[in-house]
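K.L.:
The structure that follows is given in the form of structure tokens.
The values are calculated or read from the model by the stated rules, or taken from the named source; none is laboratory data. Predicted, not measured: the structure shown is a model, and the values here were computed from it. Neighbour counts are summed over all protein chains in view; Cβ atoms, including those assigned to glycine, are modelled from backbone coordinates with ideal geometry. For the accessible areas, the whole protein counts, side chains as well, though only heavy atoms, and no ligand, DNA or RNA atoms are used. Shrake-Rupley method; radii C 1.70, N 1.55, O 1.52, S 1.80 Å.
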Amino acid sequence: MDVLIVGAGPTGLTLGIDLARRGVDALVVERAEGLFPGSRGKGIQPRTQEVFDDLGVLQEIREAGGPYPARMIWKDGERAGELPMFEKVAADEGAPYTEPLMVAQWRTQEILHARLAGLGGRVAFGREVAGLEQDAEGVTVRFADGTTARARHVVAADGGRSAVRRALGVGMAGETVDPAPFLVADVRVRGLDRDHWHTFPRDDGSGVALCPLAGTDDFQLQARLPEGREPDLSLAGVRELVAGYTHLDAEDVTELRWASDFRPRAALADRFRAGRVFLAGDAAHVHSPAGGQGLNTSVQDAYNLGWKLGAVLRDGAPEALLDTYEEERRPNAAAMLGLTTGVHHGEVTRGRATVQLGLGYPDSPLSTETRTDPAGVRAGDRAPDGTVDGVRLFDAFRGPHWTLLGAAAPTPGVRALPAAPESYGPGVFLVRPDGYVGWAGETAAGADAYLARVSLR
């Protein structure tokens with residue numbers, strides 16, 4: 001096969017979808033016997049909504065979740081005040097999605113899995129990776145049951161404790177963001193309205209929050225415990241926790257559906273590529289959950305890598321294109337680690353900084369700006385939405401192709417529109433399959449040479 005993807009979380013499933021629509025022979029393998037059952041990564045940022053629009057799942061994602069409620073602060077059993085969770089970011093033609101969506105991670109993965117299956121892809125569950133060896137032609141992966149699989153490339157999307165990363169010997173440097181133990185759980189609760197994210201802080205910094213999970217009957221419980229206290233993940237332990245921090249009785253927690261404990265940390269892998277193996281998602285970077293950046297950054301990894309693997313494996317692009325995955329994504333992930341740590345400590349506000357619409361690749365070797373005095377959108381920037389001759393740009397971008405704005409297509413396989421929206425500024429813009437401007441010029445001269453160099457032959 002062409003690509004073996006290890007891990008059926010949002011990262012692996014997103015990559016599987018992108019490769020399937022490009023006709024790349026890929027298989028997703030997952031150690032567990034089924035999809036992840038918890039709500040953990042519940043925030044879908046606006047940039048990820050744009051990715052899901054392109055992948056054909058946004059409508060289902062929107063129907064499965066809803067907006068974030070305001071935060072209700074409780075003190076001594078009384079409502080003490082209400083605060084918005086996010087600073088408002090105004091929507092416009094170029095950025096139609098500006099509000100984060102709340103969707104339980106298990107539901108996001110169900111939707112992605114169904115989309116992958118609809119494209120002919122599949123997940124093999126119960127396949128635990130025990131080791132791997134690579135050579136000049138490909139990678140042999142060994143599974144715990146004694147079987148093996150052979151692929152031209154392997155992508156490790158198997159989480160923060162990645163078995164693949166450890167097998168490669170790739171280090172991961174990081175730091176503890178918060179020394180306190182944390183607990184997260186999905187529970188059924190009575191006695192709270194579902195119009196607020198209910199928070200119950202204590203003066204010592206510990207506290208409990210109960211957030212109604214949009215699209216479900218559950219609440220997500222989040223707890224910061226005093227240092228030295230061991231989280232109890234049982235129903236009895238969760239009931240005791242809720243009764244101790246809130247005005248609710250223990251029996252008001254009627255069901256425990258999933259629970260996990262963690263200590264927030266920020267860590268970055270030394271490399272995102274080792275030969276024919278790539279690291280993506282939590283296998284490459286681990287975030288504090290504050291600000292909802294981890295899942296979203298992971299989806300961006302998959303989206304960046306997918307078109308590059310497709311270009312090399314199907315379109316004859318040079319192998320050097322795959323080097324740009326690490327060159328683009330590792331600095332981006334490092335910046336996101338700093339952002340999430342800042343949000344965790346209350347130094348960064350959830351809002352324009354966290355919606356990920358301003359992220360780009362201006363310093364990438366794939367970003368070629370040939371205009372002498374560019375104004376507006378530049379090479380390396382996210383390509384905004386807009387309308388040209390009645391065609392919405394996000395509709396034109398949707399699919400695995402490149403798009404040229406402002407001139408006729410220089411080569412087959414490129415969609416062209418006669419102009420760019422006024423918001424782009426003057427010029428001709430070549431938009432990558434992942435929605436970023438790769439090349440910009442005064443005229444179309446040079447666009448074909450750029451394509452030949454980085455993607456299409």
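K.L.:
Restricting to region 17-34, name every residue that is touching a helix residue (DSSP H, G or I) at 6+ places or on another chain (Cβ under 8 Å), crowded, with 20+ Cβ neighbours inside 10 Å and not in a helix (DSSP H, G or I).
P.N.:
Residues satisfying the conditions are R22, V24, A26, V28, E30.
K.L.:
So, one more: Does G174 count as out of contact with any strand residue (DSSP E or B) (no Cβ under 6 Å at 6 or more places or on another chain) and open to solvent by 20 Å² or more (accessible area, probe 1.4 Å)? Talk me through it step by step, then tell me what you get.
P.N.:
Details: out of contact with any strand residue (DSSP E or B) (no Cβ under 6 Å at 6 or more places or on another chain): no; open to solvent by 20 Å² or more (accessible area, probe 1.4 Å): yes.
So G174 does not fit the description; no.
K.L.:
Of a type in the set (D, E), at pLDDT below 95 and open to solvent by 40 Å² or more (accessible area, probe 1.4 Å) - does that describe any residue in region 346-354?
P.N.:
yes
K.L.:
Tell me, please, whether a residue that is under 23 Å from F272 (Cβ atoms) and outside any strand (DSSP E or B) can be found in region 82-99.
P.N.:
No.
K.L.:
Still on this structure, please answer the following. So, in region 405-457, of the ones that are among the charged types (D, E, K, R) and part of a helix (DSSP H, G or I), which residue ends up most open to solvent (accessible area, probe 1.4 Å)?
P.N.:
My answer is E422.
K.L.:
Please work out if E60 is without any contact (Cβ under 8 Å) to a residue 60 or more places away in the chain, part of a loop (DSSP other than H, G, I, E, B) and closer than 26 Å to C211 by Cα. It would help to see each step written out before you state the result.
P.N.:
Numbers: without any contact (Cβ under 8 Å) to a residue 60 or more places away in the chain: yes; part of a loop (DSSP other than H, G, I, E, B): no; closer than 26 Å to C211 by Cα: yes.
No; evaluated as a whole, the condition is false for this residue.
K.L.:
Please work out which one of (1) under 26 Å from the mean Cα position of the chain (by Cα); (2) over 19 Å from K42 (Cβ atoms) is the condition R224 fails and give its number.
P.N.:
R224 satisfies every listed condition except (2).
K.L.:
Could you list, in sequence order, the residues of region 42-57 that are open to solvent by 10 Å² or more (accessible area, probe 1.4 Å), in a helix (DSSP H, G or I) and closer than 14 Å to I111 by Cβ?
P.N.:
Within region 42-57, D53 is the sole residue that qualifies.
K.L.:
Is it true that V208 is within 30 Å of G77 (Cβ to Cβ) and either assigned to a loop (DSSP other than H, G, I, E, B) or touching a His at 6+ places or on another chain (Cβ under 9 Å) (or both)?
P.N.:
Numbers: within 30 Å of G77 (Cβ to Cβ): yes; either assigned to a loop (DSSP other than H, G, I, E, B) or touching a His at 6+ places or on another chain (Cβ under 9 Å) (or both): yes.
Considered against the rule, which asks whether it is within 30 Å of G77 (Cβ to Cβ) and either assigned to a loop (DSSP other than H, G, I, E, B) or touching a His at 6+ places or on another chain (Cβ under 9 Å) (or both), V208 comes out as yes.
K.L.:
Restricting to region 273-310, name every residue that is buried (at least 24 other Cβ atoms within 10 Å of the Cβ), part of a loop (DSSP other than H, G, I, E, B) and at pLDDT 95 or above.
P.N.:
Within region 273-310, A280, A284 meet the criteria.
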